[in-house]
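The values are calculated or read from the model by the stated rules, or taken from the named source; none is laboratory data. In this text the structure is predicted, and so the values were computed from the model without any measurement. Because the Cβ atoms are built from the backbone with ideal geometry, glycine has one as well, and the counts that use them run over all protein chains shown. Ligands, DNA and RNA are excluded from the accessible area calculation, which covers all protein heavy atoms including side chains. Shrake-Rupley method; radii C 1.70, N 1.55, O 1.52, S 1.80 Å.
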Amino acid sequence: MSATDPLSQVFGALADPTRRAILDRLSSGEASVGELAAPHEMSLAAVSKHIKVLENAGLISRKKDAQYSYCTLVASPLKDLHGWLDAYRKFWDENLDQFETYLAELQRGDPKSKQ
């Protein structure tokens with residue numbers, strides 16, 4: 001997988017707390033760049049860079065209306081991410097089940113658990 005594959009771009013975009021906060025805000029509906037910038041202590045240019053990363057990852061779409069830009073959340077990359085993570089759910093569930101069994105054996109003093 002290259003660093004430009006869609007899943008890597010989504011993970012890269014989600015790695016930053018400011019970008020996650022922007023996505024969280026957009027989950028409530030469309031917002032202007034100014035509205036997205038308001039809660040953050042950074043310049044409009046800095047927020048615009050974060051928005052560009054989200055846009056390049058396909059997580060948001062942007063439209064212009066006169067001098068304002070409005071952003072909207074795009075769900076499909078998040079569905080792809082969920083699908084990727086879901087493939088590991090079985091692995092983690094099985095490992096947690098084994099761990100739970102091991103803890104129960106320890107609590108009972110089961111000699112098999114000390115191997």
For the range 4-40, name all the residues that are open to solvent by 60 Å² or more (accessible area, probe 1.4 Å) and assigned to a helix (DSSP H, G or I). Pro6, Gln9, Phe11, Pro17, Arg20, Asp24, Arg25, Glu35
Of Glu100, Glu94, Glu105, which residue is assigned to a helix (DSSP H, G or I), open to solvent by less than 50 Å² (accessible area, probe 1.4 Å) and either out of contact with any Asp or Glu (no Cβ under 8 Å at 6 or more places or on another chain) or not acidic (Asp, Glu) (or both)? Glu105
Can you tell me how many residues within the range 32-64 are of a type in the set (Gly, Ala, Ser) and within 15 Å of Val74 (Cβ to Cβ)? 3
Might you check whether a residue that is touching a His at 6+ places or on another chain (Cβ under 8 Å) and buried (at least 16 other Cβ atoms within 10 Å of the Cβ) occurs anywhere in the range 41-55? yes
Return the residue satisfying two criteria in turn: it lies in the range 63-89 and is touching a residue at least 12 places away in the same chain (Cβ under 8 Å) and in a strand (DSSP E or B), and of such residues it is most open to solvent (accessible area, probe 1.4 Å). Tyr68
